[in-house]
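Presented below is the structure to which this report refers.
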Amino acid sequence: MQMAAVASSSPIGFRKICGLPISSSPELNGQQKKLQCKPNICSSKSELFGGALCVNFDESSGRGNGRSRLHAIRVVSPKAVSDSSYSQTCLEPEAINVYIYIYIYIYSSVLGIILGGGAGTRLYPLTKKRAKPAVPLGANYRLIDIPVSNCLNSNINKIYVLTQFNSASLNRHLSRAYASNMGGYKNEGFVEVLAAQQSPENPNWFQGTADAVRQYLWLFEEHDVLEYLVLAGDHLYRMDYEKFVQAHRETDADITVAALPMDEKRATAFGLMKIDEEGKIIEFAEKPKGEQLKAMKVDTTILGLDDERAKEMPYIASMGIYVFSKNAMLNLLREKFPGANDFGSEVIPGATSVGLRVQAYLYDGYWEDIGTIEAFYNANLGITKKPVPDFSFYDRSAPIYTQPRYLPPSKMLNADVTDSVIGEGCVIHSCKIHHSVIGLRSCISEGAIIEDTLLMGADYYETDADRRVLAAKGGIPIGIGKNSHIKRAIIDKNARIGENVKIINSDNVQESARETDGYFIKSGIVTVIKDALIPSGTII
């Protein structure tokens, strides 16, 4: 009779539920009662990191002991168990005698660590009043929602976010978005912000990605996990971390690095890796050029690309996303490289030099490092692209979660809107909007023209009474005033744009810091600062 493999990394869980002795010994104690049956396994949403398995013990077989069979632990795809992710049909229903439903929460064996990044100077002024992961994205979301959602969709629900700059809004967002619906009645799950702190042992702030993790190792090692999943808080992508961790376990790696295939044009801007025929990383090069770049070419078919794509993309770049085996992380940061501050340039190359197995895992999908104003602008406007956006928020199989705000539907009165994305709770009146992203609670007045623009919206509504008081004082309400024209710009939250304002950069200025006037220009993109006031008639 054919046996189905079991996806698990926790034999203790199996032994507990099956009434078997819990012991570190690979064999059953001779005096313990052996389980005289043969298990057959079917699926009830069987997944790598969570789900229920139906185990049927055929008592008629009387061969072997149950422990040895259950101890065959290797990760398999849910498809190997059942074609339907919610099927409860056993593989061999005729052998059914006893059912035991085993809820195996393998996600408890992985801890997510999201690195909030530094001060975000390249994203300034968007990071003037908030941490980089808290920067608004795609009308309704924030950057931190991307890695957190990827974790939740991969059944990883123990997540720490490390940050040290302007963390108040990030704290507020995470507590409102994820605090009440994590982990069920046992409250196993969490999303917590860990801010940099001084201690007698370490009086310094975070010095880099590796140093940030090292300073909180005392907390991370308290969790009974097998792996640490280290993520960046400023990337836009959708990834199934189950497959990532599965590859890490199957290759018996100490560290697995997510790798992006690259063509020669883009490769010079990234840290590149070289692999052997088994996908093991053997060499690193930081932003190589010329002959050094050519020397970093690899056969990307080893990682799963087809021949045609492999010819187009002969390089692999690190995405800054890693899976560390727990013991490897503790050993590297405490013993081998106690002074290393950065994962990408110090710890990962150092791990290969001391003989650890560092594997590459190919991710061949959309990925954007949102580290600059230009990259942030292009990533946001990319969601309006036709017929298929660069990144879609409309994937029902892997949704992006965020804070529930319970806003009303957006209201558009006599408006001409084309190739745009409109967030919740907007009021748009007799204006023209083209190729733009309009954030939640945006108010756009009559005659306005919005083109190629990211409008972040507002944190709150002004009441009619507020607006009347403002008008009496000659003030400007939140939103876009009448007959204003905005093109190729980013308007941060709660900005007050007066009437007949033109933000069009007609002189094509590439760089300008006009903070006292309420705006910056970077890469030709005008960015209006959060809470800024742009008086009526202003021309930028």
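The table that follows gives values for the structure above.
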{"read-out": "Strands (runs of 3 or more DSSP E) within region 468-540 that include 1 or more residues surrounded by fewer than 22 Cβ atoms within 10 Å (Cβ to Cβ)", "value": "485-487, 511-514, 519-522, 525-528"}
{"read-out": "Test for Pro399: is it closer than 19 Å to Leu231 by Cβ, surrounded by fewer than 16 Cβ atoms within 10 Å (Cβ to Cβ) and either modelled with pLDDT under 95 or in contact with a strand residue (DSSP E or B) (Cβ under 6 Å, 6 or more places away or on another chain) (or both)", "value": "yes"}
{"read-out": "Some residue of region 339-353 being surrounded by fewer than 17 Cβ atoms within 10 Å (Cβ to Cβ), over 16 Å from Val257 (Cβ atoms) and either among the basic types (Lys, Arg) or free of Cβ contacts under 8 Å to residues at least 60 places away in the same chain (or both)", "value": "yes"}
{"read-out": "Close pairs (9 angstrom Cβ cut-off, 6 or more residues apart or separate chains): under 24 Å from Tyr406 (Cβ atoms) in region 450-478, of a type in the set (Ser, Thr, Tyr) and open to solvent by 50 Å² or more (accessible area, probe 1.4 Å) anywhere", "value": "Ile478/Tyr460; Ile478/Tyr461"}
{"read-out": "Yes/no for Asn380 being within 25 Å of Arg122 (Cα to Cα), assigned to a loop (DSSP other than H, G, I, E, B) and in contact (Cβ under 8 Å) with a residue 60 or more places away in the chain", "value": "no"}
{"read-out": "Residue tally, condition within 23 Å of Arg405 (Cα to Cα), in contact with an Asp or Glu (Cβ under 8 Å, 6 or more places away or on another chain) and either open to solvent by less than 30 Å² (accessible area, probe 1.4 Å) or modelled with pLDDT of 95 or more (or both), over region 429-442", "value": "3"}
{"read-out": "Any hit, region 352-375, residues being in contact with a strand residue (DSSP E or B) (Cβ under 8 Å, 6 or more places away or on another chain), closer than 19 Å to Asp211 by Cα and not β-branched (Val, Ile, Thr)", "value": "no"}
{"read-out": "Strands (runs of 3 or more DSSP E) fully within region 271-331 counting 1 or more residues that are open to solvent by less than 50 Å² (accessible area, probe 1.4 Å) and among the aromatic types (Phe, Trp, Tyr)", "value": "315-325"}
{"read-out": "Region 147-172: number of residues that are more than 26 Å from Glu222 (Cα to Cα) and open to solvent by less than 40 Å² (accessible area, probe 1.4 Å)", "value": "1"}
{"read-out": "Restricting region 411-426 to residues that are free of Cβ contacts under 8 Å to residues at least 40 places away in the same chain and of a type in the set (Val, Ile, Thr), the residue that is nearest to Val388 (Cα to Cα)", "value": "Thr418"}
{"read-out": "Residues satisfying the stated conditions in region 151-179, i.e. of a type outside the set (A, V, I, L, M) and over 20 Å from Lys530 (Cα atoms)", "value": "Cys151, Asn153, Ser154, Asn155, Asn157, Lys158, Tyr160, Thr163, Gln164, Ser175, Arg176, Tyr178"}
{"read-out": "Answer residue from region 443-455, given it is in contact with a Gly (Cβ under 9 Å, 6 or more places away or on another chain) and of a type in the set (A, V, I, L, M, F, W, C) and is most open to solvent (accessible area, probe 1.4 Å) among those", "value": "Cys443"}
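The values are calculated or read from the model by the stated rules, or taken from the named source; none is laboratory data. This one's a predicted model, so the numbers in the text were calculated from it and none came from an experiment. So basically every Cβ, Gly included, is an ideal-geometry build from the backbone, and we count neighbours across all protein chains shown. Each accessible area value is taken on the protein alone, full model and side chains, heavy atoms only, with ligands, DNA and RNA left out. Shrake-Rupley method; radii C 1.70, N 1.55, O 1.52, S 1.80 Å.
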